[in-house]
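Below is one structure, written out as C-alpha cells; the observations come after it.
The values are calculated or read from the model by the stated rules, or taken from the named source; none is laboratory data. This structure is a prediction, so every number in the text was calculated from the model and none was measured. Here the Cβ positions follow ideal geometry from the backbone for every residue, glycine too, while neighbour counts run over all protein chains shown.
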Amino acid sequence: MARRRLFAGEQLKALRITRKLRQGEMAALLGISASYLSQIENDERPLTPALVDRLQQGFPVEWQDFAADRVEPVLTALRDATADPLIGATLPGEQVERVAEQYPAFARAFAQLWDLHRRSVQRLEIIDEALGSDNISGGRLPWEEVRDWFHQANNYVDIIDRAAERLAIRLSGTGMSPTLAQMAGWLETHGIAVAYSSGGVMRQFDPLARRLTLDPNQPVESGRFQMAYQLAAEALSDEISAIVSNATLQSEAARQLLTVGLGNYAAGALIMPYEWFRTRARELRHDIDQLRQAFGASFEQTCHRLSTLQRPQARGIPMYFCKVDMAGNITKRHSATRLQFARFGGACPLWVVHEAVAIPDRIHVQAAEMPDGVRYVSIAKGLVKTSGSYYRPPRRYAVALGCEAALADEFIYADGLNLARPETITRIGISCRICPRNACDQRAFPPSDRAILVDPHARDLVPYGITEM
C-alpha cells in the first residue's frame, strides 16, 4: 500500500507565526534544518511520522486542531489510544501510522475499544465510589444533572460563547472587556433601569418593572459580573431557551438551573471575550492575577474562564477547574484534562486544594501524579468573601486550576517546580474509596474492592493493611 503523504505547509507556517518563532528557532525545536523547514512550509516536502511526533509533543494544544484538520480521523484516534499511560511506552509514530494505513479496520476497532474502555472505567469508578459512600440510589439531583450536562459539553457552549463575544466587541469597541458604564448603558437603552440598594441579595431583577437592583457592597468584580449576567440573559434569551429546550433533563428544577448556568457562562464570555482572553492568556502564560486585572474579573471567574477555552480550531490549553468548600465538598468542577473528580464523599486529602482552604489568600502550587501515571501541575487559592454583617459568617472556599505536566512550559506556576525529580511529585487519587495506592499514609477509608488485613500486634499510621487484587 502506498504511504500517505501529509503536506501541511500552510498550517505549519501559521503555527510558527502564531508562536512568534523564526524559521531557525522552529527548525531547532523540530530537530531539522531551516532549509528543510522552508521546504515543508512551501509544500515541497511532506511531514514525516517522526516530525508528526515532534509536533504533537512540542505543540500539544495546536496539534489537537491541526490533527483534526489534516490527519485522517482513524490515525488521530489511534494515536490518542496508544498514548494512554496505562499502555506503557508510547509507540513510535511511524509504527502507529503503518498500522492505520495497512490495517484501518483494526485501527478503528482498537481506537473504539479504547474509548469504550475509558468510558467504562469512569462509570465503574462512579459506581464504586457511590457504593463505598452508601449512595446507591442511582438517581441524580438537579444540580448534578446540570453539572454533568456541562461536562458532556466539555464546558464550552459555542453558540453562547460566540454570541457573547460579538456583543462584547460591539459594547467595548477597542477595549478588551466592556466597562460597567457600557453595560449599564446597554441595559438602559433596552428599557431596564439599574439601581443600587444595600442589604438585599447580590442581584434582583423585576421583570414587570424592568428594574435591576444590585447590592453596592459586593466586590466590584462581583457587581460587574451580576450586571453582565442580566445583560446576557436579556440579549441571548433566545439562544439560552433553545439550548435548555433541547437538553435531556429530568426535572423542571434542572432546566431552571441550566438556564442560570448558561446565563453565568454567557456573563463570563461577555466580560472575558474568547479570542482576546485566549490570546492574552497565552501571552501571559496563564498568570491569573495579570489576567483578572486586564479583564476586571475575580480570581475565581478568571480560573473558570480558562477551563472553557475549548473552541475548535482555537483551543486554549486543556485545564481542570474546581471549587471546594470548607467541608471538602466539590461544589463546582470541570475537567478538559484526563483528571477525574470525586462525585461522592471527600476528595484525596493530599490534593493541594485542601491546604488552600485552610491557608487562604495565597497561591499554593503542587506537582501531582494520578494512579494512571498522568502528572499534573496544579494551583489552588483559598478565598474569603465577606457577608457585610458580623452576624453572617464570611464564605470560605478554595478554587483549584491545573493542567497536565506535559504543558508545564505554558503554565507560569510550574516555573518553580522540579518536575524531573520523582521525590517532588505528590501521589494522589480520586478518592480513598477507589484509590489503588496501598501505601498511602493519609488514607481515610480502604478501597471498596479490597479486603483489609488487621494485625493486633502491630500499628502503623494506617491501622490496617490492604490485600492485593
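When you go through (1) without any contact (Cβ under 8 Å) to a residue 24 or more places away in the chain; (2) more than 32 Å from the chain's Cα centre (by Cα) one by one for HIS190, which number turns out not to apply?
The failed condition is (1).
Tell me the residue from SER431, SER378 that is over 30 Å from GLU283 (Cβ atoms), surrounded by 14 or more Cβ atoms within 10 Å (Cβ to Cβ) and touching a helix residue (DSSP H, G or I) at 6+ places or on another chain (Cβ under 8 Å), please.
SER431
Filter the helices (runs of 4 or more DSSP H) completely within segment 176-259 down to those with at least 1 residues that are touching a Phe, Trp or Tyr at 6+ places or on another chain (Cβ under 7 Å) and either on the phi < 0 side of the Ramachandran plot or at pLDDT 95 or above (or both).
Here the list reads 220-235.
Can you tell me which residue within segment 383-411, out of those that are part of a helix (DSSP H, G or I) and not aliphatic (A, V, I, L, M), is farthest from GLN290 (Cα to Cα)?
Restricting to residues being part of a helix (DSSP H, G or I) and not aliphatic (A, V, I, L, M), the top hit is ASP409.
With the checklist (1) under 15 Å from LEU401 (Cβ atoms); (2) surrounded by fewer than 23 Cβ atoms within 10 Å (Cβ to Cβ); (3) not charged (D, E, K, R) in hand, flag the one item ALA358 doesn't pass.
(1)
Which residues, taken from segment 339-391, are charged (D, E, K, R), under 19 Å from ASP441 (Cβ atoms) and free of Cβ contacts under 8 Å to residues at least 40 places away in the same chain?
Once the filter is applied, which keeps residues that are charged (D, E, K, R), under 19 Å from ASP441 (Cβ atoms) and free of Cβ contacts under 8 Å to residues at least 40 places away in the same chain, segment 339-391 yields only GLU355.
Name the single residue, out of those in segment 312-323 being at pLDDT below 90 and not in a loop (DSSP other than H, G, I, E, B), that is nearest to the chain's Cα centre (by Cα).
Ranking the candidates gives ARG315 first.
Pairs under 9 Å by beta carbon, first residue without any contact (Cβ under 8 Å) to a residue 24 or more places away in the chain in segment 210-237, partner in a helix (DSSP H, G or I) and of a type in the set (A, V, I, L, M, F, W, C), six or more apart or different chains?
LEU214/MET227
Given ALA297, ALA336, ALA281, which one is in the same structural domain as PHE150 (by TED's automatic domain parsing) and within 16 Å of the chain's Cα centre (by Cα)?
ALA281
Are any residues in segment 412-469 polar (S, T, N, Q) and outside any strand (DSSP E or B), and if so, which ones?
First, the residues of segment 412-469 that are polar (S, T, N, Q): 418, 424, 426, 431, 438, 442, 448, 467.
Within segment 412-469, ASN418, THR424, SER431, ASN438, GLN442, SER448, THR467 meet the criteria.
Could you list, in sequence order, all residues of segment 156-181 that are closer than 14 Å to TYR229 by Cα, touching a Ser or Thr at 6+ places or on another chain (Cβ under 9 Å) and not hydroxyl-bearing (Ser, Thr, Tyr)?
ASP161, ALA168, PRO178
Would you confirm whether any residue within segment 265-276 is surrounded by 18 or more Cβ atoms within 10 Å (Cβ to Cβ), touching a Phe, Trp or Tyr at 6+ places or on another chain (Cβ under 7 Å) and not aliphatic (A, V, I, L, M)?
Within segment 265-276, the subset surrounded by 18 or more Cβ atoms within 10 Å (Cβ to Cβ) is 265-274, 276.
When the remaining residues are screened for being touching a Phe, Trp or Tyr at 6+ places or on another chain (Cβ under 7 Å), the result is 267, 271-272.
Subset that is not aliphatic (A, V, I, L, M): none.
No, every residue in segment 265-276 fails to be surrounded by 18 or more Cβ atoms within 10 Å (Cβ to Cβ), touching a Phe, Trp or Tyr at 6+ places or on another chain (Cβ under 7 Å) and not aliphatic (A, V, I, L, M).
Across segment 77-124, which residue is modelled with the lowest pLDDT among those that are among the aromatic types (Phe, Trp, Tyr) and in a helix (DSSP H, G or I)?
Going through segment 77-124, the residues among the aromatic types (Phe, Trp, Tyr) turn out to be 103, 106, 110, 114.
With the extra rule that they be in a helix (DSSP H, G or I), the set shrinks to 106, 110, 114.
Values: PHE106: 84, PHE110: 85, TRP114: 78.
Of everything passing the filter in segment 77-124, TRP114 is modelled with the lowest pLDDT.
Can you confirm whether segment 392-404 contains a residue that is more than 19 Å from PHE321 (Cα to Cα), among the aromatic types (Phe, Trp, Tyr) and touching a residue at least 60 places away in the same chain (Cβ under 8 Å)?
no
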